Amino acid sequence: MSDNLNNRGPADRTRVNVNEDYETRYWANKWGVSEDELRAAVDRVGVMAEDVERALKH
């Protein structure tokens, strides 16, 4: 089985880690936002995925 890093998602799906490029890409694609928008939301509401998702949808 190959270790395809391009499709790797976050290790902890309850927290958004914008310090790892692959996780930033994963979450940005999941929610259909830019990486900058994702980072701004994390700055506003913290790293909990539920909180970030809620902030991005408003």
Mind listing whichever residues of the range 15-42 are surrounded by 12 or more Cβ atoms within 10 Å (Cβ to Cβ) and acidic (D, E)?
E20, E23, E35, E37
Among helices (runs of 4 or more DSSP H) completely within the range 19-58, the ones holding 3 or more residues that are closer than 16 Å to G9 by Cβ and in contact with a helix residue (DSSP H, G or I) (Cβ under 6 Å, 6 or more places away or on another chain) are 21-31
Contacts under 8 angstrom Cβ, first residue in the range 44-58 being free of Cβ contacts under 8 Å to residues at least 60 places away in the same chain and under 15 Å from G32 (Cα atoms), partner of a type in the set (V, I, T) and surrounded by 13 or more Cβ atoms within 10 Å (Cβ to Cβ), 6 or more apart
A49/V16; V52/V16; V52/V42; V52/V45; R54/V45; A55/V45; L56/V33
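Laboratory data are not the source of any read-out in this text; all were calculated from the coordinates shown. Nothing here was measured: the structure is a model prediction, and the numbers come from that model. A quick note on method: Cβ atoms are made from the backbone with ideal geometry, for glycine too, and the neighbour counts reach across all protein chains shown.
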